[in-house]
Amino acid sequence: MINVTLKDGSVRQYEPGTSVAQVASSLGAGLAKAACAGRVDGVAVDLRTPLEVDCAVEICTFGDPDGRHAFWHTSSHILAQAVLRLYPQAKFAIGPAVENGFYYDFDVTPAFTAEDLAGIEEEMKKIVKEALPIERFFVNAAEAMEIFKDQPYKQELLQKHAAAGQRISLYRQGDFVDLCAGPHLMDTSPVRALKLTSATGAYWHGDSNLAMLSRIYGVAYPKQSELEAYLTMLEEAKKRDHRKLGRELQLFALLEEGPGFPFFLPNGMILKNELLTYWREVHKKAEYSEISTPILLNQQLWLRSGHWDHYKNNMYTTEIDGEPFAVKPMNCPGGMLVYKTQMHSYRELPLRMAELGLVHRHELSGALHGLMRVRAFTQDDAHIFMTREQIIDEIMGVCRLIDEVYSLFGFQYNVELSTMPGDHMGSDEDWEMATEALKKAMEMLDRPYTVNEGDGAFYGPKLDFHLVDAIGRTWQCGTIQLDFQMPERFDLEYTGEDGAKHRPAMIHRVVYGSIERFIGILIEHFAGAFPTWLAPVQVMLVPISEAHHAYAEEVKQQLEAVGIRVEADLRNEKMNYKIREAQLRKIPYMLVMGDKEVLEKTVAVRARKEERGGVKSVEDFMAATVEEITSRAL
RNA sequence: GCUACUGUAGCUCAGCCGGUAGAGCAGCUGAUUCGUAAUCAGCAGGUCAGCAGUUCAAGUCUGCUCAGUAGCUCCA
């Protein structure tokens, strides 16, 4: 007998070969049929995995990651089965569960379009109704090749297994058999609420040199109400889309005349300038100096920096007096030249030079996305030149700076360490040393991070800071890159204590990342209702009728005198109309003024934050608002 | 760049089987002077993304180009 320790700690005995599902069903009616997968000793397993040794078993449901995986994976098989029934000529690639649902890739001609989805969805619902048992079985490589003789993509996948001499795991549900490691549900019936969300293209193996397949995405839940909740969440997310809000709040514009080149409107410019003012304050405190370098520089410089060899495809070029020039895609080479304009002593190090540099990169047209992905953007860059001994301290200093800035906005973030890519400059030893330095700094700060192998910049490894936005997407913003290559290429030097010349080490780093992307994320994070210090208009004055205009003008001058951004709505409109409009513009405060206020020299405050509302003296309102703005309260 | 889709007034959208463009909001003018999310009336707004083609006739059909959307690839 095998001893099985259950989730609650109790121990039961089962015959060898009993499956996790049988354990589950012995624990209570319905469990085995529910949308669930099993875990044995904390490892996700298929429910029918036989128990062979003493173990701890827990049963997971749709609510946890393993349960979802099994549920969505089975959903993708149902999708494939439906496609097999309706499009027998389709070739099957792969169909995994993903973060929010599942997909399956097919090779069909013509490619699937959105119109095809309804029919496939209907067929899927039939398969769910049929409650087909899902059966797992194993074959050898030759048998598998026979089963998939008409499926070139499956055959390609099988070749790896065949070489390794492995037995091949297959799943069958009714007339459909797929190559799959599982886990899956026991049968197709729990997939009650499903929806196919889109039909798109996707490269085979994610490689843009290979064939483009037709991918169908879907979501599925055990209950209709859960599906509806998910769809509602998507609708809510749409409402805070920065492209929509950017237009409505007149923050920025993206016009056909400049694809990927954003225009900042007056309101957006206020927001941007507030961010930059704060940025300069923080950097001054952290002992950075500020420089500015040209946008256009001679091609010779880009050859020297390595950008011409490694980044040419993304660079805009032109010619001046017969000489080739390029628009800068990065600020570093300019920064190197600034360093070289003078001799440097070890006494000056670490030398921190910041630059709000406008860079241009030719991104693929299909990659552009509002302010999040553009072709011209301002990096809040800085280059730190230092001795090797100072590296760890400087990295930690930048980490703390990034944390301080992100915290101000209430952002969560996670950190990734990206290591040496295939296309890189410099020796393996330098890369090793640089990577270790980044790791060491993170360990000393006791910050968690994940490793992203081979994703570093061509000149050095990096720590990437990913902000988590309002709907759970992550965006790469801050980055810290340690670089031994540029100082070498540009022959940078400093004079050491010993009077000899030494090579400084260098860090590239950004905090916001790009001002444009950061603004995009801020818009979605706050759904356009910015904290008062960032709001383009902080206070709207709403006189009830013309008789109160003079008082409104008077209050306006008082507020302006202390630096509050205020507008008076003196249009010939009803108060309700003015309030509605100010509300839609997401202005933090509305001051309503009628006979009563004029007489008492007060204002009736309608505030976005409840606690700031009520009737107040102008002085009290001003003092509280100035405090809120200067403290940059959320 | 690739796959699929979309493009009509500043914005949101209608426009059937091809017969020569329509609404609401915003804007302008006038009336109205009002207590916490839309006062009423009138006026003005469009080379139907662009360029070709089919047709007696194209917003509508076809092709190409441009731009956008969802993904893929790439990335701050």
Please find, within segment A:209-263, the residue that is nearest to RNA strand B (Cβ to nearest atom) out of those that are open to solvent by 70 Å² or more (accessible area, probe 1.4 Å) and among the acidic types (Asp, Glu). A:256
Checked pairs for segment A:156-172, first closer than 25 Å to residue A:211 by Cβ and without any contact (Cβ under 8 Å) to a residue 60 or more places away in the chain, second assigned to a strand (DSSP E or B) and of a type in the set (Val, Ile, Thr), C-beta under 9 Å and 6 or more apart or across chains, list as A:158/A:168; A:161/A:168; A:162/A:168; A:168/A:139; A:170/A:139; A:170/A:177
When you scan segment A:486-496, do you find a residue that is within 29 Å of the chain's Cα centre (by Cα) and either free of Cβ contacts under 8 Å to residues at least 60 places away in the same chain or away from RNA strand B (no atom under 16 Å from the Cβ) (or both), even just one? no
Take the conditions buried (at least 19 other Cβ atoms within 10 Å of the Cβ), out of contact with any helix residue (DSSP H, G or I) (no Cβ under 7 Å at 6 or more places or on another chain) and not hydroxyl-bearing (Ser, Thr, Tyr) and apply them to residue A:501. Does it pass? no
If we ask which residues in segment A:143-155 are without any contact (Cβ under 8 Å) to a residue 12 or more places away in the chain and under 23 Å from residue A:97 (Cα atoms), their number turns out to be 1
Of everything in segment A:584-601, what is farther than 18 Å from residue A:532 by Cβ and either part of a loop (DSSP other than H, G, I, E, B) or more than 9 Å from RNA strand B (Cβ to nearest atom) (or both)? Give them in sequence order. A:594, A:600, A:601
Of the conditions (1) open to solvent by less than 20 Å² (accessible area, probe 1.4 Å); (2) within 26 Å of residue A:497 (Cα to Cα), residue A:338 satisfies every one except a single condition; which number is it? (1)
Which numbered condition residue A:575 fails, given (1) open to solvent by less than 60 Å² (accessible area, probe 1.4 Å); (2) near RNA strand B (Cβ under 8 Å from one of its atoms); (3) under 41 Å from the mean Cα position of the chain (by Cα): (3)
Of the residues A:210, A:255, A:265, which single one is free of Cβ contacts under 8 Å to residues at least 60 places away in the same chain and touching a helix residue (DSSP H, G or I) at 6+ places or on another chain (Cβ under 7 Å)? A:210
Within segment A:94-103, which residues are of a type outside the set (Val, Ile, Thr) and in a strand (DSSP E or B)? A:97, A:101, A:102, A:103
Starting from residues that are in contact (Cβ under 8 Å) with a residue 40 or more places away in the chain and open to solvent by less than 20 Å² (accessible area, probe 1.4 Å), keep the ones in segment A:474-484 and report whichever is farthest from RNA strand B (Cβ to nearest atom). A:484
Selection within segment A:287-300 - open to solvent by 30 Å² or more (accessible area, probe 1.4 Å) and touching a residue at least 40 places away in the same chain (Cβ under 8 Å): A:287, A:288, A:289, A:290, A:291, A:292, A:294, A:295
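Matching residues to (1) in a helix (DSSP H, G or I); (2) of a type in the set (Phe, Trp, Tyr); (3) touching a Leu at 6+ places or on another chain (Cβ under 8 Å):
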| position | (1), (2), (3) |
| --- | --- |
| A:79 | yes, no, yes |
| A:83 | yes, no, no |
| A:105 | no, no, yes |
| A:111 | no, no, no |
| A:122 | yes, no, no |
| A:135 | no, no, no |
When segment A:85-124 is examined, which residues are found to be under 25 Å from residue A:233 (Cβ atoms), within 15 Å of RNA strand B (Cβ to nearest atom) and charged (D, E, K, R)? A:99
Which condition number in (1) in contact (Cβ under 8 Å) with a residue 24 or more places away in the chain; (2) within 20 Å of residue A:193 (Cβ to Cβ); (3) within 14 Å of RNA strand B (Cβ to nearest atom) is the one that residue A:127 fails? (3)
Residue A:471 vs (1) modelled with pLDDT under 95; (2) open to solvent by 10 Å² or more (accessible area, probe 1.4 Å); (3) more than 14 Å from RNA strand B (Cβ to nearest atom): all pass except (3)
Might you check whether a residue that is in contact with a strand residue (DSSP E or B) (Cβ under 6 Å, 6 or more places away or on another chain) and among the acidic types (Asp, Glu) occurs anywhere in segment A:613-633? no
Within segment A:443-468, take every residue that is over 22 Å from the mean Cα position of the chain (by Cα) and among the acidic types (Asp, Glu) and give me the one that is most open to solvent (accessible area, probe 1.4 Å). A:446
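Quick grid of which residues meet (1) modelled with pLDDT under 95; (2) under 19 Å from residue A:514 (Cα atoms); (3) out of contact with any Ser or Thr (no Cβ under 6 Å at 6 or more places or on another chain); (4) open to solvent by less than 40 Å² (accessible area, probe 1.4 Å):
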| site | (1), (2), (3), (4) |
| --- | --- |
| A:344 | no, no, yes, yes |
| A:351 | no, no, yes, yes |
| A:363 | no, yes, yes, yes |
| A:376 | no, yes, yes, yes |
| A:386 | no, no, yes, yes |
| A:401 | no, yes, yes, yes |
| A:407 | yes, yes, yes, no |
| A:424 | yes, no, yes, no |
Out of all the residues in segment A:171-208, which are under 25 Å from residue A:118 (Cα atoms), away from RNA strand B (no atom under 12 Å from the Cβ) and open to solvent by 30 Å² or more (accessible area, probe 1.4 Å)? A:172, A:174, A:175, A:177, A:192, A:195
Regarding residue A:41, is this residue touching a strand residue (DSSP E or B) at 6+ places or on another chain (Cβ under 6 Å) and either of a type outside the set (Lys, Arg) or open to solvent by 20 Å² or more (accessible area, probe 1.4 Å) (or both)? yes
Checking the structure you have, find out if any residue of segment A:48-63 is open to solvent by 30 Å² or more (accessible area, probe 1.4 Å) and under 29 Å from the mean Cα position of the chain (by Cα). yes
Filtering segment A:617-634 down to residues that are open to solvent by less than 50 Å² (accessible area, probe 1.4 Å) and farther than 23 Å from residue A:410 by Cα, which residue is farthest from RNA strand B (Cβ to nearest atom)? A:622
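The values are calculated or read from the model by the stated rules, or taken from the named source; none is laboratory data. Because the structure is a prediction, the values reported are computed rather than measured. Glycine also receives a Cβ, built like all others from the backbone with ideal geometry; neighbour counts cover every protein chain displayed. Quick note on the areas: whole protein, heavy atoms, side chains included, nothing else; ligands and nucleic acids left out. Shrake-Rupley method; radii C 1.70, N 1.55, O 1.52, S 1.80 Å.
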